[in-house]
Amino acid sequence: MAVTFSDLHTEQGVKSVEEHLAGKTYISGDQLSVDDVKVYAAIVEKPSDAFPNASKWYDSVASHLAKSFPGKAVGVSIGGSAASAPAQAEAPAAVADDDDDMDLFGDETEEEKKAAEEREASKKDTKKPKESGKSSVLMEVKPWDDETDMKKLEECVRAVEMPGLLWGASKLVPVGYGIKKLTIMLTIVDDLVSPDNLIEDYLTCEPNNEYIQSVDIVAFNKI
């Protein structure tokens, strides 16, 4: 069963994670999964010592973030659940022509032309388009040094817009020597957006490379 957390940027939201992790190591089982990554990305900063379960879990996720996730995810929705898709109406069966009314040697009448056009239009309307798959991606965006304006860096990232791309939650994570990196979630439509092209053609090229040194894909999961 999917688990729902809300308002993870607040103390009350972190408290709900603390209570959920009582007697547990990870969100959805005994192994790290994409559920942990989603919750981790939604929490603004490391929970304080007042939340020992959440704090210990946070450190564990942070230390394994660059590794693969062997656990089986059961699904987590942050602050709400997706609405169910409307049911597709069943396609009506095409009405067969009456052979007795066909004139094999006569010209096609206006009524016959109109009926043929309506049948073709009905066939097109009942064809269900193939849905493209989606993926959830977690990226790490690294600045040049500790003097890089991280607010400007994130603005550059979110300014990239294209069909099939949706930016999600983000946070700044200390690296060392006063340097921080930006971790950010994004959802893509697989047929429209390539993460590699997004990095090479948009994020690390001019003018964004004034702030962004490099971008790494930390996690990639089909939705």
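The values are calculated or read from the model by the stated rules, or taken from the named source; none is laboratory data. This structure is a prediction, so every number in the text was calculated from the model and none was measured. FYI the Cβ positions are ideal-geometry reconstructions off the backbone, even for glycines, and counts take in every protein chain you see. To get the accessible areas, we keep the full protein, side chains included, count just its heavy atoms, and leave off ligands, DNA and RNA. Shrake-Rupley method; radii C 1.70, N 1.55, O 1.52, S 1.80 Å.
Overview of results
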| read-out | value |
| --- | --- |
| Verdict on G168 being farther than 23 Å from D7 by Cα and among the small types (G, A, S) | no |
| Residue check, D149 at pLDDT below 95 and out of contact with any His (no Cβ under 7 Å at 6 or more places or on another chain) | no |
| Residue count for the range 19-38, restricted to those that are open to solvent by less than 40 Å² (accessible area, probe 1.4 Å) and either closer than 18 Å to K222 by Cβ or in contact (Cβ under 8 Å) with a residue 24 or more places away in the chain (or both) | 11 |
| Residue list for the range 179-223, restricted to those being touching a Gly at 6+ places or on another chain (Cβ under 9 Å) and among the hydroxyl-bearing types (S, T, Y) | T187 |
| Failed item, numbered, when F69 is tested on (1) outside any helix (DSSP H, G or I); (2) at pLDDT 80 or above; (3) aromatic (F, W, Y) | (2) |
| Flag if T187 is within 29 Å of G133 (Cβ to Cβ) and open to solvent by 20 Å² or more (accessible area, probe 1.4 Å) | yes |
| Members of the range 39-63 that are part of a helix (DSSP H, G or I), open to solvent by less than 30 Å² (accessible area, probe 1.4 Å) and modelled with pLDDT of 85 or more | V39, Y40, A41, A42, A54, S55, W57, Y58, S60 |
| Test: residue in the range 91-106 that is at pLDDT below 85, under 21 Å from P174 (Cβ atoms) and either surrounded by 14 or more Cβ atoms within 10 Å (Cβ to Cβ) or out of contact with any Pro (no Cβ under 6 Å at 6 or more places or on another chain) (or both) | no |
